[in-house]
Each structure stands twice: as structure tokens, then as C-alpha cells.
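Q: One structure follows; several queries about it will come next.
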Amino acid sequence: MREGKWVWSGVAATAMLATGAIAKNFGEWSAPVNAETLAGSSSSLNTASNDGCPILNPYDGSLYMASNRPGGEGGLDIWIAPRSGDGWGTPVNAGPAINTTADEFCPTPARGNRFFFVRRLSATDTDIYVVKDLPKKGFGTPQRLATGADAINSPWEEWSPSWFEAGGREYLYFASTRRGHPAQEVYYSVDFGPAQLAQGGVESSASDARPNVRHDGLEIVWDSTRTGSQGTDIYSATRSSVDEPWGSAVQLGNGINSAGNESRASLSWDGTRLMFGTTRAGGEGSADIWTSTRSK
């Protein structure tokens, strides 16, 4: 049943691209709220620790996140909170198959029962891994994606994998510091081939980090320190085809960005919910998970 949902959605997205019916109309984003305040959410969704990197699993609506809360394997760990009412229940550590004494973060569930994430190898090197997530067997052994100067993983830092499929090809977007550590830039790979620098509105002279692309490949959200940002702010851009550069960057409004830092925004499968981490005032810890919605 879970695989069927992915297959139907992938075919639908491909068909839309083929017919040119690719434009989607969405309303404005609502004023964001602390994800813990939604009906059904656990009181431990956000803690006094660092909670962030939120993304929804399109199979079951569960919330994947990164946190250094007590009870983990060490450093930042990946945690999973089940869908509960309008919110999410108590986060559960993903376990030692995924988490180590190093930092693991930027979780990304993907089609084919795959799950991408980032692991810190040194102070200046983080790489992207993929692992099978089998419903009845749990997580398999994580595999590091290809490494090398022009590969997905470089000798520097790679962050925030974002997977989608279009036209029978697999796209993986991510951020990397390979051209000028420590500034991040948005890259992508087609069918897990060489890393390519993304073009258009995602480019600037500042840090452009932690991209997340809508499942049809036509909208991207990311965080940036470019001119006009209050600190680190969330931006979006759109395009009419996966073969085109991204359009102009749009700084998200209606309170999504604050005097704090907003990071690792992600879009739900249907594009109607935005999840993000923030250090804004009034939270429970150094960073908390907030959310916003829009109509379609």
C-alpha cells in the first residue's frame, strides 16, 4: 500500500510534465505556529534541546527530525514522531542502525523505501547516506553515496538531500561547501551522477543552504543569508520545467521569517504544508519546529 502511493504519485507527476499541465496554484502561507501547539501533538515534540531539520514522510505523515535531546546515541540524532491528530506524537529515536556518536541530521524519506540522511565525519566533512527502510524489518545498513571532487559527496560538507523523480529520472538536490568553505551553495545530481551547481534564483554571493524541492520538481525552498535577510531566512523559487533554471528568489512572509534564524524548510508531498526549524523568541530550546499551511 505504501509503495502503491508512491508509484501512483510518480506516474501522475510524470504525466503532468509530459502534457505541460505543470502549473499549480497555491494560496499564501498562513502565519506559522509552533508544531507542538497543534491538536494531538506531544508536549515533547519540541524540547529545551536543539530540535530541527523537520520533514514529513509522505507514506504515513510521520515527522522526521534531528535533535540532540537526551536519550540518543550522541550529538544530533534522527528522531521520528508518528502522526497524531492534527500534529505529531512523541518522537522516537531512529536507533543505532542510523544514529551514531557523531551527528546525524537532514533526514529525507524517499520512494522505494529509501531514506537519505547526513552524517558528520569530521569538523569540516559531512556526507549524504542512503538506507533502506523496510516496513517489517526496519532500517538496513546505511550506504554512503558516491564520493569525489565532482561526486555528490565531496571532501567538504554536503547537507539536506532532497529527492524527486521526473520524466523517468531521479534528481537529488543538496547543499555543499565544495567551492568555498564554509559558504554553502545549492547543487543537484541526475540519476546520482556528477554534482551540478543549481542555476537561477538559488544563487547568490551569500550562503544558500538546505534546499527542499516539491515532489514535481517545480518549487524549491531553502534558507539563505543573502542581502535582505534578517539573519538566516527562508526563500522560495519556482519554475515551469525541471530543465529550466530557478526563477527569482522570494523571501517568505507572514511571520515565517523572524529576527531569529529559520532553517531547513521542507514541503509536504502535496505542497500545502511547510515545516521548518527556528531559533525565534518564545521557543522551548535553542531551536524548535514550526509549521505553516496554504490552500491549493
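The values are calculated or read from the model by the stated rules, or taken from the named source; none is laboratory data. Source: prediction; values computed, not measured. We place every Cβ from the backbone using ideal geometry, glycine too, and count neighbours over all the protein chains shown.
Q: As an exercise: evaluate residue 36 against (1) surrounded by 13 or more Cβ atoms within 10 Å (Cβ to Cβ); (2) in a helix (DSSP H, G or I); (3) at pLDDT below 95 and give the number of the one condition it does not meet.
A: Failed condition: (3).
Q: From the list 68, 34, which one is under 18 Å from residue 86 (Cβ atoms) and either among the aromatic types (Phe, Trp, Tyr) or out of contact with any Lys or Arg (no Cβ under 7 Å at 6 or more places or on another chain) (or both)?
A: Among 68, 34, only 34 is under 18 Å from residue 86 (Cβ atoms) and either among the aromatic types (Phe, Trp, Tyr) or out of contact with any Lys or Arg (no Cβ under 7 Å at 6 or more places or on another chain) (or both).
Q: Still on this structure: Just give me the residues in the range 1-33 being among the small types (Gly, Ala, Ser) and modelled with pLDDT of 95 or more, in sequence order.
A: Within the range 1-33, 27, 30, 31 meet the criteria.
Q: Go through the residues of the range 52-62 one by one and say whether even a single one is in contact with a Ser or Thr (Cβ under 7 Å, 6 or more places away or on another chain), small (Gly, Ala, Ser), in contact (Cβ under 8 Å) with a residue 40 or more places away in the chain and not in a strand (DSSP E or B).
A: No: zero hits.
Q: Another one. Residue 66 is checked against (1) modelled with pLDDT of 95 or more; (2) surrounded by 14 or more Cβ atoms within 10 Å (Cβ to Cβ); (3) farther than 20 Å from residue 161 by Cα and fails just one. What number does that condition carry?
A: All conditions pass for residue 66, except number (3).
Q: Determine whether residue 97 is over 15 Å from the mean Cα position of the chain (by Cα) and loosely packed, with under 15 Cβ neighbours inside 10 Å.
A: The answer is yes for residue 97.
Q: Something else now. Just give me the residues in the range 140-181 being surrounded by fewer than 21 Cβ atoms within 10 Å (Cβ to Cβ) and without any contact (Cβ under 8 Å) to a residue 40 or more places away in the chain, in sequence order.
A: 143, 144, 147, 148, 149, 155, 156, 169, 170, 178, 179, 180
Q: Of everything in the range 39-51, what is in contact (Cβ under 8 Å) with a residue 60 or more places away in the chain and either assigned to a loop (DSSP other than H, G, I, E, B) or buried (at least 23 other Cβ atoms within 10 Å of the Cβ) (or both)? Give them in sequence order.
A: Residues satisfying the conditions are 45, 46, 47, 48, 49, 51.
Q: Continuing with the same structure: Look at residue 80 and say whether it is aliphatic (A, V, I, L, M) and part of a strand (DSSP E or B).
A: yes
Q: Moving on. Starting from the range 184-203, keep only residues that are more than 14 Å from residue 158 (Cβ to Cβ), then list their pairs with residues that are surrounded by 16 or more Cβ atoms within 10 Å (Cβ to Cβ) and among the aliphatic types (A, V, I, L, M) whose Cβ atoms are within a distance under 6 Å, requiring at least 6 positions of separation or different chains.
A: Close Cβ pairs satisfying both conditions: 201/237; 201/249; 202/186.
Q: Please specify each residue of the range 193-209 satisfying the condition of being more than 16 Å from residue 257 (Cα to Cα) and in a strand (DSSP E or B).
A: Those that are more than 16 Å from residue 257 (Cα to Cα) and in a strand (DSSP E or B): 196, 197, 200.
Q: From the list 239, 273, which residue is closer than 16 Å to residue 53 by Cα, surrounded by fewer than 21 Cβ atoms within 10 Å (Cβ to Cβ) and not polar (S, T, N, Q)?
A: Selected residue: 273, the only one of 239, 273 that is closer than 16 Å to residue 53 by Cα, surrounded by fewer than 21 Cβ atoms within 10 Å (Cβ to Cβ) and not polar (S, T, N, Q).
Q: Take the range 208-228 and flag every residue that is buried (at least 19 other Cβ atoms within 10 Å of the Cβ) and of a type in the set (Gly, Ala, Ser).
A: 209, 217, 224
Q: Now, a different point. Looking at (1) loosely packed, with under 15 Cβ neighbours inside 10 Å; (2) over 26 Å from residue 61 (Cβ atoms), can you tell me which one residue 134 breaks?
A: That leaves (2) as the condition not met.
Q: From the residues in the range 100-131 that are buried (at least 21 other Cβ atoms within 10 Å of the Cβ) and among the aromatic types (Phe, Trp, Tyr), which one is nearest to residue 67 (Cα to Cα)?
A: Going through the qualifying residues, I end up with 105.
Q: Exactly one condition in (1) at pLDDT 95 or above; (2) surrounded by fewer than 23 Cβ atoms within 10 Å (Cβ to Cβ); (3) hydroxyl-bearing (Ser, Thr, Tyr) is not met by residue 266; state its number.
A: Tallying (1) at pLDDT 95 or above; (2) surrounded by fewer than 23 Cβ atoms within 10 Å (Cβ to Cβ); (3) hydroxyl-bearing (Ser, Thr, Tyr), residue 266 fails exactly one: (2).
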